[in-house]
Amino acid sequence: SRREKSVLQGVDILMANLPEWNKPKNDKVDFYYWYYGTYAMFQYGGEKWHKWNKAMKEALLDTQRQGGCADGSWDPIDKWGVVGGRVYATALNALTLEIYYRYSRANIEPPVRRPDPLKGVRVSKGE
């Protein structure tokens, strides 16, 4: 449930560490974290999701390469970029930007059980 203490604590941690491509240091850039943070915040929803999504789009769209043979890609500058390179950075960032096209929101709240209005009603088969 969205109201569980552990969920709220996780959301607070994510909201305190929004995606930010802080040039020139780049020490806050972590594509792997951004991907799973985006998925988690999408599932959580609400205003906090909108705030996260805005920060994520600003971080990624403003830093996508334009022109030349690297056009459309991202520089592999996060801590995992050394291993995965430009292909890793671009694949993960593209997947991050399409989270809401690839996944449905989980049913976070338990469904409300409504009584069956036809329970106990006898239906006759016409002649």
Enumeration of residues in segment 75-110 that are loosely packed, with under 11 Cβ neighbours inside 10 Å and either among the hydrophobic types (A, V, I, L, M, F, W, C) or part of a helix (DSSP H, G or I) (or both)
82, 83, 87, 101, 102, 106
Can we say residue 96 is touching a residue at least 60 places away in the same chain (Cβ under 8 Å) and of a type in the set (Val, Ile, Thr)?
yes
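So which residues in segment 57-74 are part of a loop (DSSP other than H, G, I, E, B) and open to solvent by 40 Å² or more (accessible area, probe 1.4 Å)? Give the derivation first.
Taking segment 57-74 as the starting set, the residues that turn out to be part of a loop (DSSP other than H, G, I, E, B) are 62-74.
Hits for segment 57-74 are 62, 64, 65, 66, 67, 68, 69, 71.
Among the residues of segment 6-34, write down those that are open to solvent by less than 20 Å² (accessible area, probe 1.4 Å) and part of a helix (DSSP H, G or I).
Scanning segment 6-34 gives 11, 31, 34.
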Being farther than 23 Å from residue 25 by Cα, among the small types (Gly, Ala, Ser), under 11 Å from the mean Cα position of the chain (by Cα) and in a helix (DSSP H, G or I) is the filter here; which residues of segment 35-56 pass it?
40
I'm trying to understand the selection: among the residues of segment 63-83, which are touching a helix residue (DSSP H, G or I) at 6+ places or on another chain (Cβ under 9 Å), among the hydrophobic types (A, V, I, L, M, F, W, C) and within 21 Å of residue 27 (Cβ to Cβ)?
74, 77, 80
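Quick check: is even one residue across segment 84-98 charged (D, E, K, R) and touching a Leu at 6+ places or on another chain (Cβ under 8 Å)?
The initial filter retains those residues of segment 84-98 that are charged (D, E, K, R), namely 86, 98.
Add one more test, that the residue is touching a Leu at 6+ places or on another chain (Cβ under 8 Å), and what stays is none.
No, that holds for no residue.
The values are calculated or read from the model by the stated rules, or taken from the named source; none is laboratory data. Because the structure is a prediction, the values reported are computed rather than measured. Reconstructed Cβ throughout: ideal geometry from the backbone, glycine too, with neighbour counts over all protein chains shown. Accessible surface is based on the protein model in full, side chains and every heavy atom, while ligands, DNA and RNA are left aside. Shrake-Rupley method; radii C 1.70, N 1.55, O 1.52, S 1.80 Å.
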